[in-house]
Amino acid sequence: MKTEKAAKRTIDTSNSERLFKRASACMPGGVNSPVRSWRGVGGSPRLVASARGARITDVDDNEYVDYIGSWGPMLLGHAHPVVIEAIRRVSAAGVSFGASTELEIELAEQVCGRFESIDKLRLVTSGTEATMSAIRLARAATGRDEIVKFAGCYHGHSDGLLVRAGSGATTLGVPDSPGVPVAIGSLTRIADFNDLTSLRAACGSQTAAVIVEPVAGNMGVVPPEPGFLKGVIEIAHECGALVIFDEVISGFRLGPAGYQGVAGLRPDLTCLGKIIGGGLPVGAYGGRAALMDQVAPAGGVYQAGTLAGNPLAVAAGLATLEAADAPGFYQRLDGLGARLADGFARVLAPRSGCVQRAGSLVTLFFGPAQVRNYDDALLTDTEAYAGFFRSLLSEGIWAPPSQFEAWFVSAAHTEEDIDRTIDAAQRALRQLPGPS
Ligand SMILES: *Cc1c(COP(=O)(O)O)cnc(C)c1O
C-alpha cells in the first residue's frame with residue numbers, strides 16, 4: 001500500500017497543468033467540449049500527446065490504458081494502420097472540394113447495405129447535426145412541431161434537444177441551458193426511459209417524432225428492457241409520429257447494423273456519427289427513400305454542409321467499417337466488454353452499486369442496485385466515482401471523467417489490459433471509504 005501511494009506522488013503532471021492554465025486563458029473552461037475539463041471528478045485535466053491502439057499518452061509522457069476512445073469513434077483503437085493509411089492516401093489527392101466524390105457514395109452504399117431501415121443517407125459533419133436534421137425532416141413529413149425525447153438521453157446540443165425531464169413524466173420541457181428559447185424547449189416533451197406509460201402520456205396529436213438512444217449511453221449505460229423499443233415504435237406510430245433511433249454511439253459498435261440490427265427493429269429514421277467517421281468529423285441520417293427524398297435538393301427540407309461528406313472523414317469511416325467486417329469482430333469485442341463488466345461486478349460486490357453493459361459499452365454505477373432510467377442514474381454516488389477515477393488514473397487507467405459516461409472498449413484492448421484494469425479497480429475500491 002505504502003509503495004503504491006509513493007508511486008502515485010511521483011507522477012509528473014506539470015506539462016498538463018501548465019497547458020491547461022494556458023488553455024483556460026483563451027478557451028472557455030480551457031476546453032472545446034465540457035466533459036474534457038474533468039469538472040465531474042475534480043482536478044486539472046491531463047492533456048493528450050498521442051495515442052496508439054488501446055494506449056493513450058499524456059503531455060508528461062504518462063501512459064494509460066484508454067477507455068474513452070474519443071467517446072466512441074475509436075472502435076479499432078487509436079491510429080489503426082488501415083485508418084491512418086486511408087487518410088494519408090486520400091489526403092494526397094486534396095482534402096475538400098465542395099463537390100461530390102466517389103468515396104462518399106461508397107460510404108452511403110456501405111451503410112444502406114447494412115441497415116435494413118436505411119434506403120438513403122445524408123452525410124453531415126457531427127452527431128448534433130444528424131439529430132437536428134432528422135428532426136427537421138420528421139417535422140416536415142408529419143406537419144407537426146412537437147417532439148418527444150427520453151430523460152437522460154443525449155442527442156447533441158441543438159436547442160430543442162437540450163431538454164431533459166422535470167419531475168413529472170409529462171412535464172413540458174424546460175431547457176437545460178440558458179440561451180435555449182423557452183418557446184423551443186416547450187416543443188420538447190419528456191418521457192422516462194424504459195417506461196412506456198410515460199411515453200403514452202407524452203405523445204399526442206402534435207408529436208412529429210419520438211427520438212431515442214436505443215441503448216442509452218449518456219447517463220451511463222442503460223440497456224432497453226425487453227419490449228421497450230418495440231413499444232416505443234408502436235406508441236409513436238399509433239399517434240402518427242415517426243421514430244428516430246439515435247445510434248450515434250451504438251451504430252457499428254453493437255453490431256454492423258447498430259442496435260436495431262441486433263434487436264430486429266426498424267425505426268423510420270436513424271442517426272449515425274462517431275464510428276462512421278473513424279475519428280474524423282462525420283454524422284449521418286437516413287431512412288426509407290420516400291422520407292429521405294423530402295430532403296433538399298430532392299425535396300424542400302433544407303439542409304446543407306460545406307464539409308459534409310469530407311473525403312478524409314469518409315475514407316477513415318470506410319476503413320473502420322471494413323475492418324469491423326472481419327469474421328468474429330463483434331464477438332471478440334463483446335467478449336472483452338463482458339470480461340470487463342464481469343470483473344467490475346466481482347470487485348464491486350461488497351459495496352452497493354451495479355455494473356451495466358451493452359456489448360463493448362460498460363458502466364460501473366456507485367449506489368443503486370439497478371439503473372433503469374435517468375432518475376435512477378441521478379441517485380448514484382458521484383463522489384465515490386470521482387475517488388475511483390483518481391485512483392485508477394494513478395494506476396495508469398484512463399477512465400471516463402464522469403459517472404454518467406460509458407467506458408468504451410476497443411478491438412485493440414487485450415484480455416491482459418482488461419485484467420490489469422480489474423485489478424486496479426479492486427485496489428481503487430479498497431481505497432474508497434465504506435466497505436472494501
Ligand atoms: C455524441 C452523441 C451525439 C452528438 O454527436 P456530436 O458529434 O458530438 O455532435 C448525439 N447522440 C448521441 C447518442 C451521442 O452519443
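The values are calculated or read from the model by the stated rules, or taken from the named source; none is laboratory data. Note that the coordinates shown come from a computational prediction; the quantities given were computed from them, not determined experimentally. Quick reminder, even Gly has a Cβ in these numbers, built from the backbone with ideal geometry, and neighbours come from all protein chains shown. Just so you know, the surface numbers come from the protein's heavy atoms only, side chains and all, with ligands and any DNA or RNA stripped out. Shrake-Rupley method; radii C 1.70, N 1.55, O 1.52, S 1.80 Å.
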Using the Karplus curve 6.51 cos²θ - 1.76 cosθ + 1.60 with θ = phi - 60°, work out ³J(HN,Hα) for each residue of the stretch 51-57 in order, rounded to whole Hz, and write x for Gly and Pro. 7, 8, x, 9, 10, 10, 10
Run the numbers on the stretch 81-324 and let me know its relative contact order in percent, using alpha-carbon pairs under 8 Å that are six or more apart. 28 percent
Sparse-neighbour loop sites [chymotrypsin sites (Phe, Trp or Tyr not before Pro); the stretch 36-121; at most 13 other C-beta within 10 Å; DSSP]: 97
Can you say what percent of the DSSP beta bridges in the chain, counting only those with both residues inside, are antiparallel? Round to 5. 60 percent
Using a 1.4 Å probe on heavy atoms of the protein chains only, the accessible area for residue 215 in Å², nearest 10, reads 10 Å²
Once phi is turned into θ = phi - 60°, what whole-Hz ³J(HN,Hα) does the Karplus curve with 6.51, -1.76 and 1.60 give for every residue of the stretch 20-33, x standing for Gly and Pro? 5, 4, 4, 4, 5, 7, 10, 9, x, x, x, 9, 9, 7
Once phi is turned into θ = phi - 60°, what whole-Hz ³J(HN,Hα) does the Karplus curve with 6.51, -1.76 and 1.60 give for every residue of the stretch 232-249, x standing for Gly and Pro? 4, 5, 4, 5, 4, 5, 4, 9, x, 9, 8, 10, 10, 8, 8, 9, 4, 8
From DSSP H assignment alone, runs of 4+ in the chain each adding -39500 (n - 2.57), the sum over residues rounded to the nearest 500 puts [θ] at 222 nm at -11000 deg cm²/dmol
